[in-house]
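Please treat every number below as a calculation from the coordinates, not as lab data. The structure presented is a predicted model; accordingly, all values stated were derived computationally and were not measured. So basically every Cβ, Gly included, is an ideal-geometry build from the backbone, and we count neighbours across all protein chains shown.
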2 protein chains.
Amino acid sequence: MSDFSRLSLNSATTKYWTLEQVIDGCVRTGIPAIGPWRDRVAEVGTERAAKLISNAGLRVSSLCRGGFLTASDQEGREAAVQDNRAAILEAEILGTGELFLVVGGLPAGDRDIVAARQRVADRLGELVPFATEHGVRLVLEPLHPMYAADRALLSTLGQALDLAAPYPAAAVGVAVDTFHVWWDPQLREQIARAGRENRIASYQVCDFNMPIAADALLSRGIMGDGVIDFATITGWVADAGYTGDIEVEIFNQQIWDNPGDELLETIKNRYASLVLPWAKR
Amino acid sequence: MSDFSRLSLNSATTKYWTLEQVIDGCVRTGIPAIGPWRDRVAEVGTERAAKLISNAGLRVSSLCRGGFLTASDQEGREAAVQDNRAAILEAEILGTGELFLVVGGLPAGDRDIVAARQRVADRLGELVPFATEHGVRLVLEPLHPMYAADRALLSTLGQALDLAAPYPAAAVGVAVDTFHVWWDPQLREQIARAGRENRIASYQVCDFNMPIAADALLSRGIMGDGVIDFATITGWVADAGYTGDIEVEIFNQQIWDNPGDELLETIKNRYASLVLPWAKR
């Protein structure tokens, strides 16, 4: 019997399910944790979402997501800080200490990536005290470089750790999402570094499907369907001392079109065969 | 009057043109150099290609491409070495010292990226003496990480420089292709390092168009059409001491469907306004 105690279902995997449906699906199939997206939480209200999840006996592994910190105009900067403060409060109410940040890409028509990255660092600095006060860690998620222009100018784990460096590990962490980082030649050493610095806040597993989908955002696959060596990367994460939740977050139109217990069972099976054996050292 | 003496047209930009058509187009529009692909050279034969280009008063800036070094079986490994030896001889005959290598991705069904990268290093070591003997530099081209699985497990300039490190700078160089590296948080320092190590063998300019094309290979755009800051990157390349050819290599179905002098003039204009002013320090 496999141990699913660290498995978490990110709500984006069953995109068209309401929060209640995600909760019911996890309860039916024995998945003990949920990583909800804010839109699904907002539909029922944060307080009620927290109650529904906790009453079902489930945990919240993380909240997706804040971020989008690259606006250069005063109004955009203030709106980003406001929205992220709201996300921090939502995470606190949901009882998760981990708030994912997707830092944002280049503003429309702006090509100055160096300056945009500096704005991310500046906004992060503004958010840290508020997050710390509320017991929420800001989790920097490096995204695959193919999303650098429109989603995240944060592209590698090393870069995320550099960005986190000025702050305590309890205030700013990093996410390791296999889809985003599998290609990185520095992956092994940067995962080890993240472990040494106590910054691994989340491990997300999801395959990189080939060929890349026509909508590049939707190339995420169930573990085993793509090119990623989960044994190796999971082993590196385990060696780094990570013992937390392992979230499955998949954006894939075919998967979205067929949510259901069969999908969740497939995820459990792939997790049990491709991830779990290497998740503990 | 802009100085086009460093501008080179990579033959992939006018994909459906024969080598003769590329030569004629360059002569008509005053582009002094060509970076041919091997298939267009093979159509006329290497010796004759060399004569046609030189008789037209043009230079060869580089040859595209050798590589694909990741095969794990004996037959595949030997075939790769043979093919690359042939490419080295072709480069020598064409009179260019720079042979691009696209190192290859994961073999079908193979997920061990660490072992595949070691095979690239091993094959490179086997090729260096032959290349050196023929006065041809092997040019490692890091490709955008979205091509890691199927085209190149070499994804960053830093990784390319590490791979080149055991060999003299005259034997193994690196390419800086803006499309592939613009997102890299270490780009500035790695370009500077490449300069210090005398390894910059080619600077290719090409924009990163958004959204990514349905066929991810075809997202390359004319400078100015995408998200890349050519002034900044070109300045870094100039600061690194690079004074060689600047090749325009674009894979883009719309551009391929409309080759012609108008396209070449557009390339010249964009080069003159977006690249050239920063190409010399």
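General observations
- Ordered from longest to shortest, the equivalent ellipsoid semi-axes for the protein assembly as shown are 45, 25, 20 Å, each the square root of 5 times a Cα gyration tensor eigenvalue.
- Interchain or long-range residues, amide H under 5 Å from residue A:4's placed H: none
- About its Cα centre, chain A has a charge dipole of approximately 560 debye under the convention of +1 per Lys or Arg Cβ and -1 per Asp or Glu Cβ, with nothing else charged.
- Counting only other chain Cβ atoms within 10 Å of each residue's Cβ, the peptide B:184-197 averages 2.
- Taking amide H atoms as placed 1.01 Å from N in the peptide plane, the amide H of residue B:208 lies under 5 Å from those of B:221, B:226, B:227, B:228, each 5 or more residues away in sequence or on another chain.
- Net charge dipole size for the range A:45-143 [Lys, Arg +1 and Asp, Glu -1 on Cβ; Debye, nearest 20]: 320
- Whole-Hz couplings from phi, Karplus 6.51/-1.76/1.60, listed for the range B:20-36; x for Gly and Pro: 4, 5, 4, 4, 4, x, 5, 5, 4, 9, x, 9, x, 9, 10, x, x
- Close amide H partners of residue B:246, meaning residues 5 or more places away or on another chain with modelled amide H under 5 Å apart, are B:7, B:8.
- Here the ratio of the Cα radius of gyration of the range A:150-238 to 2.2 N^0.38 Å is 1.11.
- Position residue B:166, label points 7 Å along Cα→Cβ, spacing to each other copy in nm (shortest first, one decimal): 4.2
- Other-copy label distances relative to residue A:24, 7 angstrom Cα-Cβ extension, nm: 6.9
- Cross-link partners for residue A:268 among the aspartates and glutamates, with Cα-Cα distance under 18 Å and sequence neighbours closer than 8 places in the same chain left out: A:3, A:24, A:177, A:207, A:225, A:229, A:245, A:247, A:249.
- Taking only Cα atoms of chain B, radius of gyration then Dmax in Å: 17.6, 55
- Extending 7 Å from Cα along the Cβ direction at residue A:231 and again at residue A:243 yields two label points whose distance is 2.6 nm.
- Neighbourhood charge, 10 Å Cβ-Cβ cut-off, centred on residue B:7 and excluding it, Lys, Arg +1 and Asp, Glu -1: -1
- DSSP bridge orientation in the range B:134-281 - percent antiparallel, rounded to nearest 5: 15
- Sparsely packed loop sites in the range B:1-96 (the chymotrypsin sites (Phe, Trp or Tyr not before Pro) outside DSSP H, G, I, E and B with at most 10 other Cβ atoms within 10 Å) comprise B:16.
- In chain B, the calculated helix contribution to ellipticity at 222 nm averages -12500 deg cm²/dmol per residue, counting -39,500 (n - 2.57) for every DSSP H run with n ≥ 4.
- Span from the the range A:102-118 Cα centroid across to the the range A:211-237 one, whole angstrom: 26
- Pairwise FRET efficiency - residue B:273 versus residue A:73, Cβ, R0 = 30 Å, nearest 0.05: 0.65
- Sites residue A:44 and residue A:215 - FRET efficiency at Förster radius 30 Å, r taken between beta-carbons, to 0.05: 0.60
- Taken along the Cα-to-beta-carbon direction at a fixed 7 Å, the label points for residue A:56 and residue A:122 span 4.1 nm.
- Cβ neighbours within 10 Å from other chains - mean over B:175-182: 1
- Using the Karplus relation 6.51 cos²θ - 1.76 cosθ + 1.60 with θ = phi - 60°, the per-residue 3J(HN,Hα) values for the range A:259-265 come to x, x, 5, 4, 4, 5, 5 Hz, with x marking Gly and Pro.
- Spacing of the modelled spin labels on residue B:28 and residue A:265, each 7 Å from Cα toward Cβ, amounts to 6.5 nm.
- From phi via Karplus (6.51, -1.76, 1.60), per-residue ³J(HN,Hα) for the range A:75-87 in Hz, x at Gly/Pro: 4, x, 5, 5, 4, 5, 5, 4, 5, 6, 5, 4, 5
- Shielding of A:104-113 by partner chains, average beta-carbon count, 10 Å: 3
- Label 7 Å beyond Cα on the Cβ vector: residue B:260 copy-to-copy distances, nm: 5.3
- Note on the range B:2-41: Rg/Rh from Cα positions, Kirkwood definition for Rh, rounded to two decimals, is 0.96.
- DSSP finds beta bridges in the protein assembly as shown, and of those with both partners inside it, around 5 percent are antiparallel.
- Considering only chain B, percent of DSSP beta bridges that pair antiparallel, nearest 5: 5
- Using a Förster distance of 56 Å, the FRET efficiency for residue B:85-residue A:280 (Cβ separation, nearest 0.05): 0.70
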